[in-house]
Number of protein chains: 2
Amino acid sequence: MTPEIAGAAGFDWQLAFLFLIASAAAGLTGVLFKPGAWYESLVKPDWRPKNWMFPVAWTTIYVLSALAAARVAPLAGNAYAMAFWAMQIALNTLWTPVFFGARRMGLSVAVMGLLCCAVLGMLWTFWSLDGWAFTMILPYAIWLGLAAPLNWRVWRDNPGANFSAEA
Amino acid sequence: MTPEIAGAAGFDWQLAFLFLIASAAAGLTGVLFKPGAWYESLVKPDWRPKNWMFPVAWTTIYVLSALAAARVAPLAGNAYAMAFWAMQIALNTLWTPVFFGARRMGLSVAVMGLLCCAVLGMLWTFWSLDGWAFTMILPYAIWLGLAAPLNWRVWRDNPGANFSAEA
């Protein structure tokens, strides 16, 4: 399977708009389920990013990964790339309600683990399809390199704040 | 753009597994955010489906739509089909936490409206790509034909139960 000419015929903004709506759905969870008094009370490692960095990082990641998807979507041989993108946007939308909504920290670590697998799958498949798309998802991979260990540490260091401990 | 031979070379279960994980992420929201005393107290129309029908319908829809995505993903010319699929799985994952978690019924109607647009987009794009995939998303479209009006009616008939009215 070789890339189609259509893939090089210019960027399709209508197509990008659909992926941006998917990203916006994921981003909206951060507006609805915010870190409040509960999150502030948790034991957190010193190396964690500042609170203001999270919305900045995620907005950047959501926009760039949607634009990367719009570059990859018209290319032949993109089946796994599109499957990994769909998988990451569902898991990303799920994570915030699981952690901040349901406060199921153990489950949130499992969701985060699957999300990391999906983004690794994107790196692997985008690499061979489109160099720009690959570059545009690097911030996502780098940020998860911080967010995943943070998620794990917060879960491990706050056993009393878990849903299962409360129930 | 013509369908590739790869699309007819047999069903790719590994690929389907990734779409099934995305569907499972959406389905997990229904396990975490259940209708409880709050939902039972709401005014609901008589024509609504029975409570037990919801998990049966959604499980069927999640499995069939994931398998449909795996049929369409290897086909050329599937850019919009894949974008609509990604859009629907993000919006679907978002809806339950918005309605049952945050209890933002007005916002849930907006999310449902966008979800209907995404599924209409899937019907439109899958139709020309693969007849089986189109058939497999028909239950989704039919169920939304019930769920969307129900969502709107519950929002309209329970102004006091809205987040904005509570705040």
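Dividing the radius of gyration of the alpha carbons in region A:55-134 by their Kirkwood radius gives 1.02 for Rg/Rh. The alpha carbon centroids of region B:33-53 and region B:86-116 are separated by 17 Å.
Of all the options B:ALA147, B:ALA16, B:ALA76, the one that moves most in a Gaussian network model of chain B with Cα springs shorter than 10 angstrom is B:ALA76. Shortest first, A:PHE17 label-point distances to identical copies amount to 3.8 nm, with the label point at 7 Å from Cα along Cα→Cβ. By definition, a body whose alpha carbon gyration tensor gives a ≥ b ≥ c is oblate when a/c is 1.5 or more and a/b is not larger than b/c, and the protein assembly as shown fits this oblate description. Charge tally for B:TRP95 (other residues, Cβ to Cβ under 15 Å; Lys, Arg +1; Asp, Glu -1): +3. Each Lys or Arg adds one and each Asp or Glu takes one away; over the other residues whose Cβ falls under 15 Å from the Cβ of A:GLY113, this sums to +3.
Relative contact order of region A:1-116, please, whole-number percent, based on alpha carbon pairs below 8 angstrom and at least 6 residues apart. Rounded, it is 40 percent for region A:1-116. Only helices enter the 222 nm calculation for the protein assembly as shown: every DSSP H run of n ≥ 4 contributes -39,500 (n - 2.57), and dividing by all residues gives -23500 deg cm²/dmol, rounded to 500.
On the principal axes of its alpha carbon atoms, region B:104-167 extends 48, 16, 11 Å, with the longest extent given first. Relative to the dominant Cα principal axis of chain A, helix A:13-32 is inclined by about 0°. Can you list the lysines whose alpha carbon is less than 25 Å from that of B:LYS44, not counting same-chain residues fewer than 8 positions off? The reachable lysines, counting only those whose Cα sits under 25 Å from B:LYS44, are B:LYS34.
Given q = 0.15, 0.18 Å⁻¹, what are the Debye log10 I(q)/I(0) values for region B:14-167, with equal point scatterers placed on the Cα positions and solvent ignored? Values returned for q = 0.15, 0.18 Å⁻¹ are -0.77, -1.05.
For region A:79-90, 3J(HN,Hα) computed residue by residue from phi via the Karplus equation (6.51, -1.76, 1.60; θ = phi - 60°) reads 4, 6, 4, 5, 5, 5, 5, 4, 5, 5, 6, 5 Hz, glycine and proline entered as x.
A short reminder: the numbers here are calculations on the coordinates, not readings from a lab. What you are looking at is a predicted structure, and each value in this text was computed from that prediction instead of being measured. When we count neighbours, we look across all protein chains shown, and the Cβ atoms used for this are built from the backbone with ideal geometry, even at glycine.
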